[in-house]
1. Looking only at residues that are more than 18 Å from residue 130 (Cβ to Cβ) and within 13 Å of the chain's Cα centre (by Cα) in region 73-82, which one is farthest from ligand 1 (Cβ to nearest atom)?
2. Would you check which residues across region 103-131 are more than 10 Å from ligand 1 (Cβ to nearest atom) and out of contact with any helix residue (DSSP H, G or I) (no Cβ under 9 Å at 6 or more places or on another chain) and list them?
3. Of everything in region 108-122, what is within 16 Å of ligand 2 (Cβ to nearest atom) and surrounded by 19 or more Cβ atoms within 10 Å (Cβ to Cβ)? Give them in sequence order.
4. Whether any residue in region 65-72 is within 10 Å of ligand 1 (Cβ to nearest atom), at pLDDT 95 or above and either surrounded by fewer than 16 Cβ atoms within 10 Å (Cβ to Cβ) or over 17 Å from the mean Cα position of the chain (by Cα) (or both) is what I want to check.
5. Residues to consider are 79, 91, 151; find the one that is under 15 Å from residue 47 (Cα atoms) and at pLDDT below 95.
Ligand code: SF4
Ligand code: SF4
């Protein structure tokens, strides 16, 4: 997002993808984050690389109810099947993002989604694949934040 703010980018992407729009703020679940997690994760969004969860469940249960493997597996499956959004400058970012978000919300209940992670660290060190779970949750949340903002542009 070189040289532009997130809102400027949203107008740019939203205008290109959705036509005439009105920017509103309807991002869910922000109030449930701990203060030491960046308040505007969308500004930190970058494409999510391969995660490699093997669904061993060693990191479970998360004391905050997050279904860790389901979140991670969903992202890698989305990449394999072609609906994981990439760079925000990609022409198909909004289109892929809409597909990604609708599938994500259908597959994982709100209470088990990445945005519920408060980075407590309980899961750190439990993963045989050395996945940095809180960082991955932040990445997924940064993506879904952007996509939810985009969805607001349509409403
Ligand atoms: S860091 Fe996040 S995912 Fe890991 S146990 Fe804590 S709340 Fe759950
Ligand atoms: S411990 Fe690691 S590999 Fe196993 S389910 Fe959790 S994130 Fe996936």
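The values are calculated or read from the model by the stated rules, or taken from the named source; none is laboratory data. Keep in mind the model is a prediction, meaning the values are calculated, not measured. Ideal geometry is used to build each Cβ from the backbone, glycine not excepted, and the neighbour counts take in all protein chains shown.
1. Here the residue is 78.
2. 106, 109, 111, 125, 128, 129, 130, listed by residue number.
3. The first filter runs over region 108-122 and keeps only residues within 16 Å of ligand 2 (Cβ to nearest atom), leaving 108, 112-114, 116-117, 119-122.
113, 114, 116, 117, listed by residue number.
4. yes
5. On the way: 79 fails: at pLDDT below 95; 151 fails: under 15 Å from residue 47 (Cα atoms).
Sole residue among the options that is under 15 Å from residue 47 (Cα atoms) and at pLDDT below 95: 91.
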